[in-house]
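Read through the structure below, which is laid out as structure tokens, and then see the notes.
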Amino acid sequence: MLVKLRHSNRLVLILLLLGGGLVALLLLASAFGAVTIPLPDILKMALNKVAVFDFPFTWRAVDETIIFQIRLPRVVGGALVGAALATAGVLFQGLLRNPMADPYIIGTSAGAALGATIAMTLPINLAFLGFGLVPVAAFIGALATVILVYNLARVGGKTPIISMLLAGFVVSALLAAVMAFMISMSNRFDLNLHSVYSFLMGHISITSWGQIAIIAPLVIGGIIGARFFAFHLNAFSLGEEGAAYVGIEVERDKILILALGSLLTAAAVSISGLVGFVGLVVPHAVRLSLGPDHRFLLPASALAGAAFLVIADLLARTLLAPVEIPVGVITAIVGAPVFIYLLRHARREYAF
Amino acid sequence: MVSLQVRQVYFSYFDGLVLHNINLSIKAGEMVGLIGPNGSGKTTLIKLASGILKPNQGEIRLDGSRLTQLSRKSIACSVAVVPQHFHIPFAFTASEVVALGRIPFLKPFAEESEVDKQFVSSALELVGISELKERRFDELSGGERQKVILAMALAQQPKLLLLDEPIVHLDIAHQVEILELVRSLNVEWGLTVIAAMHDLNLAALYFDRLVLLKEGRVSADGVPAQVLTEARIREVFSASVRVEPHPITGVPHIVIMPRASNIKQ
């Protein structure tokens, strides 16, 4: 049946399946935790919530609170982080024409990490729209670093990609050194090393719908914005000159794509710390199975990234419960073998 | 069909002047070859004509409008460029690459229309590579790849085609095939063509008008017989040659003369 569909229809069908699968996965992932709540109950609760159905209560009231106030925000938060990182990965790989690029390549990770570390040393306890100081500082650190890198790389009205990669590398190294200094002086700075490591290894720190209400519009808006640039990204695979030849305003669109990618990354980092591998492995996996056309690559990567991180986070919080494994450890352990398998067996492998 | 006027154009990169007071008037439907030694400014002139470089002084007009005032999109709707080669890092198929030529005509979020698809398949057909369309671009030979790039340029439905040494990496069969095709598009569609060319004999064979550049200045401009004289080639290229009429067409044919000590029996 799949074979009979036209190529683009087949891809749309895959997107619908991915979307449906993600919704199912969100509910499934909510079932597991300190108490396991049966999936049929969760389904009924969810259907009652959308007010189309009226199933009788066969579950404890506390279960409903656990699902809707504790687990779903976290699971949805994980999905947003995964979607944001995978989309940012596609943007950076496409713009930089570099299959090794990930969302952190131009310094967002180092900037976010330093921002978060500084925030952890500050004795103030501010809350901003439901967020503590650490996520806000991480967000600002990530964006400030990208702006710095972009301006350092700018020569004579242009921002050559190679100088951006170099500037990103150097600035990251500098910020990492400052952070290493702070860690080595942790006593002096009154720095809790456990929180620093937890940030560096990744941890979905969503505790309320209020945080989702801030992050979700950023991430979903960012993904829609990214999809707007699908043709531009296809054109960028010809290189900057080639893109200009097919009508792309290269310097302007480069800034916009970088800004979108950085915003998505900063949003993700602010609620999860540094979760590695999602932004690298998911775009590759999707490109290898669906092809490099960004019109499908972008939405499919967003959905697949969300699903990947929901599963990783589920494993992170259940495998050794009540101890929580950093989610970045899971994404690397699961992601690396998947990546290797894909590279060796894919139908449309890479042109190096 | 569009015309191109280059008026008193000066251009320099960071170090030193590359083009010096260039004046050219190229009429709609002309087929012009840019020739000259390495570093004489051929590629730079092509890039200026495509609008991706901007003159330091002077102006370039496309059908009367200043190139610097046109958007990339509106330039791309009438001007297509074929560079020496493209490296494409992702595994696009040949027809996906050709479809990139339709980007100037597409709106964001829109699908390619039937018209766009028609232009893509007729471009593939015109270049004679319909059978390659499902093949991956990076697995094609150099000659096939260059044909795909040419098809992409033609899918843009250009009125002016700029080619930057389009055949320099190709074998003689592919060189002739591509030039024959470009020539027939020029004759049949009235496509205006400007091409930087290394091979003087092929330039003489396929182009009506040659512009010879030397150190960033126009050293000669005219029909091949006027431009390709023994004295001028000796002066501009510092090469010792003999120019004879082509046995069939009568255009200048350049015979390279080795040094006496290197002449083999």
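Just so it is clear, none of the values below were taken in a lab; they were calculated from the coordinates. Model, not experiment: these values are computed from the prediction. Counting neighbours? That spans all protein chains shown, and the Cβs are built from the backbone with ideal geometry, glycine included.
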(request) Would you mind ranking B:Tyr206, A:Tyr197, A:Tyr245, A:Tyr104 by Cβ crowding within 10 Å, fewest neighbours first? (result) A:Tyr197, B:Tyr206, A:Tyr104, A:Tyr245
(message) I'd like the per residue volume of the convex hull spanned by the Cα atoms of segment B:88-156, given in cubic angstrom.
(response) 83 Å³
(message) From Cα pairs below 8 angstrom and at least 6 apart in sequence, can you work out the relative contact order of chain A, rounded to a whole percent?
(response) 28 percent
(request) Could you sort out which of B:Lys27/B:Lys147; A:Lys158/B:Lys133; A:Lys44/B:Lys107; B:Lys73/B:Lys147; B:Lys54/B:Lys133; B:Lys73/B:Lys214 sit more than 31 Å apart by Cα distance in this structure? (result) A:Lys158/B:Lys133; A:Lys44/B:Lys107; B:Lys54/B:Lys133; B:Lys73/B:Lys214
(request) Using only Cα atoms, figure out Rg for chain A and give it as a multiple of 2.2 N^0.38 Å. (result) 1.02
(message) Only counting other Cβ atoms within 10 Å, I'd like B:His198, A:His194 sorted with the fewest neighbours first.
(response) A:His194, B:His198
(message) Running a GNM on chain A with Cα contacts under 10 Å, which residue among A:Gly273, A:Gly156, A:Gly19 ends up with the highest mean-square fluctuation?
(response) A:Gly156
(message) For segment B:108-239, what are Rg and Dmax over the alpha carbons, in angstrom?
(response) 17.3, 58
(message) With the alpha-carbon atoms as the only input, what is the per residue convex hull volume for the protein assembly as shown in Å³?
(response) 206 Å³
(request) Using only the Cα atoms of segment B:1-91, each taken as one equal point scatterer with no solvent, compute I(q) by the Debye sum, divide by I(0), and report log10 of the ratio at q = 0.25 Å⁻¹. (result) -1.47
(message) For chain B, what are Rg and Dmax over the alpha carbons, in angstrom?
(response) 19.2, 67
(request) Take the Cα coordinates of segment A:257-333, assign each an equal point scatterer, and use the Debye formula without solvent to give log10 I(q)/I(0) at q = 0.11, 0.20, 0.24, 0.25 Å⁻¹. (result) -0.32, -0.92, -1.16, -1.21
(request) Give me the distance in nm between label points sitting 7 Å out from Cα along the Cα-to-Cβ direction at A:Ile183 and B:Gln84, one decimal. (result) 4.6 nm
(message) Rounded to whole Å, give me the distance from the Cα center of segment B:224-246 to that of segment A:91-149.
(response) 63 Å
(message) If I take R0 = 41 Å and measure r between the Cβ atoms of A:Leu166 and A:Val62 in this structure, what FRET efficiency does the formula 1/(1 + (r/R0)^6) give, to the nearest 0.05?
(response) 0.15
(request) Mind telling me which of B:Ser141, B:Ser121, B:Ser78 comes out most flexible in a GNM of chain B, alpha-carbon contacts under 10 Å? (result) B:Ser141
(request) Using every Cα-Cα pair within segment A:191-242, state what percent have a distance larger than 17 Å. (result) 64 percent
(message) Taking the number of other C-beta atoms within 10 Å as the exposure measure, put B:Phe109, B:Phe119, A:Phe228, A:Phe277 in order starting with the fewest.
(response) B:Phe109, A:Phe228, B:Phe119, A:Phe277
(message) Can you show me the helix-derived [θ] at 222 nm for the protein assembly as shown, built from DSSP H runs with n ≥ 4 at -39,500 (n - 2.57) apiece and divided by the number of residues, rounded to the nearest 500.
(response) -17500 deg cm²/dmol
(message) With just the Cα atoms defining each centre, how far is segment B:16-49 from segment A:183-235? Give it in Å.
(response) 51 Å
(message) Multiplying the sequence separation of A:Trp209 and A:Val52 by 0.36 nm and subtracting their Cα-Cα distance, what value in nm do you get?
(response) 54.3 nm
(request) Considering only A:Ser109, A:Ser262, A:Ser208, give the residue with the highest GNM mean-square fluctuation for chain A, with springs between Cα atoms whenever their separation is below 10 Å. (result) A:Ser208
